[in-house]
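Below is one structure, written out as structure tokens, with a few remarks after it.
The values are calculated or read from the model by the stated rules, or taken from the named source; none is laboratory data. Just so it is clear, the structure is predicted and the values come from calculations on it, not from any experiment. As a convention, Cβ positions derive from the backbone with ideal geometry for all residues, glycine included, and neighbour counts pool all protein chains shown. Quick note on the areas: whole protein, heavy atoms, side chains included, nothing else; ligands and nucleic acids left out. Shrake-Rupley method; radii C 1.70, N 1.55, O 1.52, S 1.80 Å.
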Amino acid sequence: MLKRFAAALLLAATALPGVAADLPAHPFIHVTAGAEFYVMPDIGEIDIDITSLETDPDTAWKEVNARLEESRALFARHGVAPEDVVVQDIVRRPRKVDVLPEGQPLPMETRVSIHLTVRDLSQWTPLMRSVLVLKNIESLAVSFNRSDRDKIETDLLGEALAKTKLKAELIAKGLGARLGPATGVSVEPLKNLSNSMGMASDPYARNVGDRRAPPKGAEMALVAAMRLAQMVDVIYRIGGAPKR
């Protein structure tokens, strides 16, 4: 069956010049493999927008500043270093509304955005429970990361490459052929190749991040394991018959 499939691919490439242009010029095996790892994060990040809808600019500015100082004090109590708190300039701008009553002026908002990095996650839950009840908070988002993420993803890449070679060796053995050297590697989907061969995959199947929805509400106060993953596409040359 594998031999017939390989022969069919070669015939298709020969018969369709447009397809052949996207395929390697030599007999090949195209394999995809991945590796994933679930690990607890050691860094958390929080994005907050403090907003005032006061019509008077001075009153709005004072309200936003008061909430900003309350937030800074809260962060400090939970061990967040001042350099890990990034505050943008306070801005006053028109507020987006779905429907504006006729004759009414466009409402204004005064807003400041804050980004903070929490390096001691033992403080995450009590900090977030306090953040969730702060006044004038309109936008709130959280994310997690690892300080050694680069090393973990490098290890996962090595594991994924090893899996592709094993899969390719099994396919070559089934074809009664010898596996040649790798002639192409990509950590992104080889879309042109897959489309040319009629094997385009589900674009959501290669998600290399966390597939869960971002936490909302009270869930934001919980520290959850994160999924790290690496996917690779590799093209191997097909050699002759295996040596006996």
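Results, tabulated for the structure shown:
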item	result
Selection of trypsin sites (Lys or Arg not before Pro), the stretch 140-190, meeting DSSP coil and at most 15 other Cβ within 10 Å	ARG178
Directionally averaged projected area (convex hull, Cα atoms, the stretch 45-149), nm²	7.9 nm²
Where N is the number of residues in the stretch 99-187, Cα Rg divided by 2.2 N^0.38 Å	2.18
Heavy-atom accessible area ranking, 1.4 Å probe, most first, across VAL232, VAL39, VAL91	VAL91, VAL39, VAL232
LYS96-LEU166 FRET efficiency (beta carbon distance; Förster radius 41 Å; 0.05 resolution)	0.15
Net charge of neighbours whose Cβ lies under 14 Å from the Cβ of ALA81, counting Lys and Arg as +1 and Asp and Glu as -1	-1
Label-point separation in nm, ALA76 to GLU188, each point 7 Å along Cα→Cβ	4.6 nm
Rg ratio (alpha-carbon, reference 2.2 N^0.38 Å) - the stretch 37-91	1.47
Surface per residue (accessible, 1.4 Å probe) for the stretch 23-173, Å²	59 Å²
Links that overshoot a 32 Å alpha carbon limit, given the list LYS151/LYS173; LYS62/LYS96; LYS62/LYS216; LYS151/LYS216; LYS96/LYS216	LYS151/LYS173
